[in-house]
1. Taking R0 as 35 Å, what's the FRET efficiency between residue 569 and residue 599 from their Cβ-Cβ distance, rounded to 0.05?
2. Please give the peptides 605-612, 40-47 ranked by average Cβ packing (other Cβ atoms within 10 Å per residue), highest first, as a rough proxy for protection.
3. What percentages, rounded to whole numbers, describe P(r) for the range 3-193 computed over all alpha carbon pairs with 5 Å bin width beginning at zero?
4. Please list 3J(HN,Hα) in residue order for the range 580-594, calculated via the Karplus relation 6.51 cos²θ - 1.76 cosθ + 1.60 where θ = phi - 60°; whole Hz, with x for glycine and proline.
5. Taking 0.36 nm per intervening residue step and subtracting the Cα-Cα distance, what contour gain separates residue 401 from residue 139 on full extension?
6. Could you compute the FRET efficiency for residue 493 and residue 301, with r as their C-beta to C-beta distance and R0 at 45 Å, rounded to 0.05?
7. Extending each Cα 7 Å along its Cβ direction at residue 379 and residue 25, get the distance between those two points in nm, one decimal.
8. How far apart, in nm, are the 7 Å Cα→Cβ label points at residue 455 and residue 190?
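FYI, it's all coordinate maths here, none of it is from the lab. All figures in this text were calculated on a predicted structure; none of them were measured in a lab. Cβ coordinates were reconstructed from backbone atoms using ideal geometry, including for glycine residues, and neighbour counts include every protein chain displayed.
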Amino acid sequence: MKIDEILKNIMENYLSKKKSELYNKESSMFQFINYTSRDAIRDVINELYLSNIDLDVKASCGAGGWTRYPWIAIFNPKITTTIQEGIYIVYLFSEDMQRLYLTLNQGCTNLKNKLGNKKARDEMQRAREHFRNEFNSTIFKSDNDLTVGNRDYEEGCIYYKEYSLNDFPSEDIILNDLSEIIKIYNEYYLKEIEGKADLNEYRTNKNENLENPDEIEDFKETEENEIISDFNTNEAIDHIYDFIKNEGFSYEKTLIKNLYISLKTKPFVILSGISGTGKSKIIELFAKALGATAENKRFNLIPVKPDWSDSTDLLGFRNIEGNFNPGIITEICYNAMLNPELPYFICLDEMNLARVEYYFSDILSLMETRKLNEDKEIITNYLLKEEAIGNDNEAISKYGDVYIPQNVYIIGTVNMDETTFPFSKKVLDRANTIEFNKVNLNYSFKHIFTENNIEPKTYHNDFLKSEFLKIKDCIDYKDIAKDIIDKLININNILEKYNYHFGYRVRDEIVFYMIYADKYKLLDADEAFDICIVQKILSKISGSSDDVKDVLIDLFEEFNSGYKFDNRDYIENGELKKLEDLIAAKTENTEQLQIDNKTFKCIYKSSSLKLIYMIRRFIRDGFTTFWQ
């Protein structure tokens, strides 16, 4: 099969195969790209003597899932063996498969990990201009006006030639262009690599002029695993669930989905529950499944201490000599900014051993400043105030511009007992609060003996990154948003009578949650909304006044259409017990329930069970709270 036929075949069939075939090594398109195209180009280079220097060929249609931009790359192993760094030749297919680009390109992944997005792009621009000045070409374009769909490929491109599917060139043209670009590549190798004046040396010299030279020194190499940037969300969640199960822990899959959607909605989540249920462990394993561990410093367990009264332990402080000592969250955010493609997890363990408002209020306020910068990245205001750093110039240079980047996720664990402090509404308003009281002690030892141990996968931060910051960002999902807002208005009207109503923040975050659940087909609408009611609305209701009891009863009757308590002032525990057993046993939302002479329909099961618990506690103790 000729090269032009192979390339055109990929353009014509990739999108349909991507939809019809599961991603695996047995897929016909996987084999065609990764093996057939690779071998054909490798053979033609050797058979036609297109290069007198040994070159290798690699091809990829994704790692862990179908990529949006397949590629076939030609490497000089003495320059690079990966598209993540160095100079190489690569055929790039556009996302819509209408264009193919033969390019001389440069890897940017490792550079971005070292410098961050903006400075990495500046470096790539300087590097490509240096290359063009040294190795001029009249055959290939150098205007960077190619449209692949991936900005990194477009910015890193040194030379390119475009082929249109509608006017695809002949085999002779394809081979001639390939021969010409190999000549440039080999000339670069002979002059700058063997001549010991390569672009890496050029970049090193340039890096000496960076404002923060420590950025290179402090960078920790990322895992050898290739970052999975093209993924199926459901398959990724299946991987997390299977990984955790393989580690010997059994959690409901809905819990994994809920944790994922909650983090994507907002990167601050609270896990509450009795001691020993594995709250910290699920965070650690969730992170580990995604390639984040304590060893690579992308999972950080921070035990909260009872004597914390301000944010200095987390953000930093000036010592007696006036030098700034960075706190652990400042260091984590700094490192996360150097590795923007990788998620970082912070577990604040037993975060209510101290008053959360005292030591965490600055960070909570910063989270509310999230916005998009010019590169469409989510940033916040700076983490540190000028007076916190003082006149420590070294610290100003390193930490002065640090913010909470879009790849940092904070999860707090809490136990509600006599040794801990309650949460204020300010904290609860800003988080999804996930209850964690169910424990499955059963374990199947077959996982120990399986030969197919489940390994972590390094997923790109896009998997977790928020897609919406404001309600106006949801224009493409306005029908879902409008339906949810109508439901929230009904609930808020009930809450407002007792001064428990919520504002725009809760509205927006529930809408975001519901859109993610629908977009990625993770939860059905009623189940997702049920979770939101518990996590964002009921968690803030507590007290001993009659208004508390009345609002709980009103909400229960709203969520259980057709049911009314006979005597709101005197509700028997037996009635609550019957309701609890009946609702707990129900399996379908359409199911009609009957108790005594009353027929009703319960749509929101978890919310109703939580309301029964809170009403019962109020009747028994004269006080109630969300926490169990």
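1. The value I calculate is 0.90.
2. Top to bottom by mean Cβ count within 10 Å: 605-612, 40-47.
3. P(r) for the range 3-193, in whole percents per bin: 1, 8, 17, 21, 22, 17, 10, 4, 1, 0.
4. Taking θ as phi minus 60°, the curve returns 4, 5, 5, 5, 4, 8, 6, 10, 10, 5, 7, 5, 7, 9, 9 Hz for the range 580-594.
5. Full-extension gain reported as 90.0 nm.
6. 0.60
7. 4.4
8. 4.0
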